[in-house]
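So the structure is just underneath, and the comments pick up after that.
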Amino acid sequence: MPESTVLRPLDTIHHLALRCRDAEQTRWFYEDILGLKLAAALSLEKSPGTDNERPFLHLFLELGDGNYIAFFDEPGHAKPAHFELKDSFDIHFAFETDSADSMLAWKENIAAAGDFIFGPIDHDFVTSVYFFDPNGYALEITHKTDRHDA
């Protein structure tokens, strides 16, 4: 890197990308149940940065802050083991909402869709509910308590 280049802080995430079992099922869950907006669905034939044939669909779902969760649907290479429930210590992501009432409303909405959801769990600095998406990823909806910044 040239000396004149100043490293700027990495201050946001553009997207988190994960593999999915089925693009439509994933879109349904994140758009219809969780309310994220489908921002793009790209059908591509080659592995990014290579000329290797590897057809896949790349979905981008937009969060309220303008960042994205992205998914790769690659039917020719996906294995059942990719979609076993993930231990939340290995990978999970937490969506933040502004209040306990909102968190509980999300819990009811997700449960009404037939998905198992548990909590709330009081972690002192946040309170959270937990569930899994159709791909086996552990998800959390959380809100900050009045003890969060301490």
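The values are calculated or read from the model by the stated rules, or taken from the named source; none is laboratory data. Because the structure is a prediction, the values reported are computed rather than measured. Cβ placement follows ideal geometry from the backbone for every residue including glycine, while neighbour counts extend to all protein chains displayed. What goes into the accessible areas is simple: the full protein's heavy atoms, side chains included, and nothing from ligands, DNA or RNA. Shrake-Rupley method; radii C 1.70, N 1.55, O 1.52, S 1.80 Å.
Per-structure values
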read-out	value
Top of S128, S47, S99 by mean-square fluctuation, Gaussian network on the chain, Cα under 10 Å	S47
Residue among V129, W106, L10 farthest towards the positive dipole end of the chain, charges placed on Cβ	L10
Most mobile of L61, L104, L42 in a GNM of the chain (Cα contacts under 10 Å)	L42
C-alpha long axis of helix 100-112 to longest principal axis of the chain, angle in °	60 degrees
Nonlocal amide H pairs with F95, under 5 Å, H built at 1.01 Å	E140, I141, T142
Surface share of carbon and sulfur [accessible, 1.4 angstrom probe, percent] for region 55-150	56 percent
Accessible surface of D146 - all protein chains present, 1.4 Å probe, nearest 10 Å²	140 Å²
Rounded to 5, percent antiparallel among DSSP beta bridges of the chain	70 percent
Charge dipole (debye, nearest 20) of region 1-86; +1 at Cβ of Lys and Arg, -1 at Cβ of Asp and Glu	160 debye
Cα→Cβ-extended label distance, 7 Å offset, between T12 and S88, nm	2.8 nm
Estimated Rh, region 1-73: Kirkwood, alpha-carbon pairs, angstrom	14.0 Å
Solvent-accessible area per residue, Å², over the chain with all protein chains present [probe radius 1.4 Å]	64 Å²
Net dipole in debye of the chain [+1 Lys, Arg Cβ; -1 Asp, Glu Cβ; about Cα centre; nearest 20]	320 debye
Among D101, D51, D133, residue whose mean-square fluctuation peaks in a GNM of the chain (springs only between Cα atoms under 10 Å)	D51
For region 44-59, Karplus couplings with θ = phi - 60° (6.51, -1.76, 1.60), whole Hz, Gly/Pro x	10, 9, 10, 4, x, x, 9, 9, 6, 5, 6, x, 7, 10, 10, 9
Debye intensity ratio I(q)/I(0), log10, the chain, q values 0.15, 0.18 Å⁻¹ (C-alpha model)	-0.88, -1.14
Alpha-carbon centroids, region 74-127 and region 3-36: separation in whole Å	16 Å
